[in-house]
Structure formats: structure tokens, C-alpha cells
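The values are calculated or read from the model by the stated rules, or taken from the named source; none is laboratory data. Everything numeric here is computed off the predicted structure, so don't read it as measured data. Cβ: placed from backbone, ideal geometry, glycine included. Neighbour counts: every protein chain shown. For accessibility, only protein heavy atoms count, side chains too; no ligands or nucleic acids. Shrake-Rupley method; radii C 1.70, N 1.55, O 1.52, S 1.80 Å.
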Amino acid sequence: MKIINRWIFIILIFTALLLSFIFYQLTLVNKTHNLINRLENALTTTRYLFEEQKRYALSLSILLSEDKEILDSFVKHNRAESFDIVNRKIVLLKKLQNSQIDVQMHNSDLTTYIRSWNFSIKDVPLESFRYGIVKVHKDKKPSVSIELGKRLNIKAISPLIKDDKMIGSLEVIIGFDYLENELKQRGLDTFILLQNRYLNIADTLTNNIKIGNFTLVNDKNKEIAALSKIDISKLKDYGYFTSDDKAFSYFSIYSFNREKLAYIIVSLSNKDNISIYNSYEKDRTIRDKGVIIE
């Protein structure tokens with residue numbers, strides 16, 4: 001009888017351990033599923049806000065390119081007047097959305113006419129590396145994209161038209177501060193990482209924080225410890241991964257020539273220390289030249 005009781009006890013202990021293990025696995029699966037849902041929602045939200053900023057930049061570009069004061073000063077080639085008018089308009093526009101706005105105007109020969117942040121710069125040749133400007137002057141249609149220049153940001157360019165002729169172009173440049181603040185209000189931290197090999201163009205970012213072969217484009221004081229443990233160069237077009245107590249969603253940015261420029265990565269808490277690494281290549285058909293957000 002004692003032997004039978006002992007075996008029953010052993011079976012009960014084994015059954016309890018097995019049930020505990022099954023319960024643990026089911027709980028882990030449920031937590032992993034919930035975390036993936038949160039990461040997918042974060043990715044969707046980031047894409048939506050990003051596209052919204054692009055639309056906003058394009059609207060401002062079109063609005064300013066059709067502004068009579070700006071056009072008249074450009075036709076007169078009065079740079080000082082254009083500079084004052086543009087900066088006055090920027091002050092008004094910033095009241096619509098609390099984000100940094102810069103404006104650059106280009107001559108018909110694809111050189112710099114004025115930059116709203118530095119009056120002294122002019123006649124800089126842009127054709128060799130500013131493909132968005134080249135495209136607008138060729139197509140005579142507005143365009144918006146992420147484009148690499150001295151910085152990496154959203155650039156919306158519209159033709160300047162006078163008497164049905166294109167006489168130049170106007171570019172609205174918006175940084176990532178508004179996107180970052182909007183995501184922060186949703187509990188998400190944002191990292192925008194540019195490949196180091198493009199720092200010869202984006203030379204204003206040279207001294208920014210480095211993470212492997214990438215440079216942090218946004219907040220220079222951002223905490224990067226969790227992200228530094230990931231080999232960013234192995235990421236594909238989009239996906240999710242975790243590190244310590246953080247979980248990350250990301251998507252990539254490509255240039256006009258289909259070269260991968262950067263990643264936009266957002267992070268959220270991973271208090272259960274769940275391990276995830278899902279990285280995907282995007283199925284795509286070859287498109288006409290243009291900046292692709294994957």
C-alpha cells in the first residue's frame with residue numbers, strides 16, 4: 001500500500017510539474033503574441049505618422065511655390081527680399097504644427113537661390129547628388145521624399161511657375177522632431193539611423209552618435225545601450241527584434257537608386273524579456289526611380 005501511495009505521489013508531482021510547464025509555455029506564447037501585436041501596431045502607427053508628415057510637407061511646398069510675394073521676389077532675383085518673405089511665412093506656418101521647417105529655393109540651373117537658415121549660401125550646384133530636385137525639374141511636378149543632403153529629412157519640392165514656364169523650384173524641409181514627439185506621446189522611442197558611408201554627403205551628422213556602421217540622425221542625447229547590442233547591418237527591409245527589456249519595430253528607407261540609406265526604428269518596453277527576431281525582405285516590383293519607404 002505504501003508503495004502504491006508513493007507512486008501516486010510521484011505521478012501527482014510529475015503531473016503538477018508537467019501542467020506547470022505547459023501553463024508556463026502557454027503564458028509565454030500568449031505574452032509573445034501580445035508583444036508582436038504591440039510591435040505591429042507600433043510599426044503601423046509610425047508609418048502612418050511618417051506618411052502624414054510627407055503629405056504635410058508637400059502641401060506646404062505647393063502652397064509656398066504659388067505664393068505671389070515669393071514668386072515676385074524670385075522673378076526680380078532679389079535674394080534679400082525672398083529671404084525675408086520666406087522666413088516670415090515660416091514663422092506663420094510653424095503655428096500650424098510645432099515642428100522645424102526650413103525652405104530652400106533653387107534656380108533653373110539646379111543651383112541654390114536661397115536657404116532660409118543661411119542667407120550667405122548661394123549658387124551651390126545640386127544636380128550631382130540631389131536627385132529629387134532633378135526629378136522635379138524634369139517632370140515639372142511636385143514631389144516628396146526622404147532625401148539625403150547635408151542632413152537626412154523629409155524634402156518636398158514644387159516647381160516655381162511663371163507664365164506657364166518653370167523658372168525654378170521651392171523645397172520645404174521638415175525634420176523628424178514632430179514625428180519623434182508624436183511617437184513619444186504614444187510610449188514609443190524613435191531612432192533614425194543613417195549608414196555611415198553616406199556621411200560624406202550628410203556631413204553635418206559626422207559627430208552624431210554611432211551604432212556600428214550607422215549614425216543616429218535624431219536626438220544626440222538618446223539612450224542607445226539596448227540598441228547597441230544589435231547588429232543593425234543584418235536587418236532586412238522591416239521587422240521586429242528584442243534586446244534586454246526593450247522591443248523594436250523597424251522599416252528601411254531606400255534612395256532613388258535603390259540603395260538602402262537608413263532605418264527608422266521605434267522601441268517599446270519588453271518587461272517580460274521575451275526574445276523575438278523577425279526580419280523580412282519586402283516583395284517588390286521594380287519601380288520608377290524614386291525614394292522608397294519599405
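Residues that are small (Gly, Ala, Ser) and over 24 Å from Glu182 (Cβ atoms) do not occur anywhere in the range 83-106.
The listed residues are Ile253, Ile265, and the only one of them that is surrounded by 19 or more Cβ atoms within 10 Å (Cβ to Cβ), within 16 Å of the chain's Cα centre (by Cα) and at pLDDT 90 or above turns out to be Ile265. Among the residues of the range 138-156, the ones that are within 18 Å of Leu60 (Cα to Cα) and surrounded by 19 or more Cβ atoms within 10 Å (Cβ to Cβ) come to 9 in all. On the stretch given as the range 57-80, residues that are open to solvent by 40 Å² or more (accessible area, probe 1.4 Å) and touching a Phe, Trp or Tyr at 6+ places or on another chain (Cβ under 9 Å) total 2. All of Asn98, Asn87 fail the test of being modelled with pLDDT of 95 or more and closer than 30 Å to Ile114 by Cα, apart from Asn87. Filtering Gly132, Gly187, Gly175 for residues that are under 30 Å from Leu227 (Cβ atoms), in contact (Cβ under 8 Å) with a residue 24 or more places away in the chain and either open to solvent by 30 Å² or more (accessible area, probe 1.4 Å) or acidic (Asp, Glu) (or both) leaves a single hit, Gly187. Only residues that are open to solvent by 50 Å² or more (accessible area, probe 1.4 Å) and part of a loop (DSSP other than H, G, I, E, B) were counted in the range 202-235, giving 10. Just wondering, is there one or more residues in the range 155-167 that are under 17 Å from the mean Cα position of the chain (by Cα), touching a residue at least 12 places away in the same chain (Cβ under 8 Å) and on the phi < 0 side of the Ramachandran plot? Yes, because at least one residue in the range 155-167 is under 17 Å from the mean Cα position of the chain (by Cα), touching a residue at least 12 places away in the same chain (Cβ under 8 Å) and on the phi < 0 side of the Ramachandran plot.
Of everything in the range 33-53 that's surrounded by fewer than 15 Cβ atoms within 10 Å (Cβ to Cβ) and of a type in the set (Ser, Thr, Tyr), which residue is nearest to Asn153 (Cα to Cα)? Working first, answer last.
Narrowing the range 33-53 to residues surrounded by fewer than 15 Cβ atoms within 10 Å (Cβ to Cβ): 33-34, 37, 40-41, 44, 48, 51-52.
Those left that are additionally of a type in the set (Ser, Thr, Tyr): 44, 48.
On the way: Thr44: 20, Tyr48: 16 Å.
My answer is Tyr48.
In the set (1) touching a helix residue (DSSP H, G or I) at 6+ places or on another chain (Cβ under 9 Å); (2) more than 30 Å from Ile62 (Cα to Cα); (3) outside any strand (DSSP E or B); (4) not aromatic (Phe, Trp, Tyr), Ala247 fails one condition alone, (3). Within the range 84-96, the residues that satisfy the criterion of being surrounded by 14 or more Cβ atoms within 10 Å (Cβ to Cβ) and either in contact with a helix residue (DSSP H, G or I) (Cβ under 9 Å, 6 or more places away or on another chain) or among the aliphatic types (A, V, I, L, M) (or both) are Asp84, Ile85, Val86, Lys89, Ile90, Leu93. Take the conditions over 30 Å from Ser82 (Cα atoms), open to solvent by less than 50 Å² (accessible area, probe 1.4 Å), out of contact with any Lys or Arg (no Cβ under 8 Å at 6 or more places or on another chain) and of a type in the set (Val, Ile, Thr) and apply them to Ile192. Does it pass? Here the answer is yes, as Ile192 does meet what is asked.
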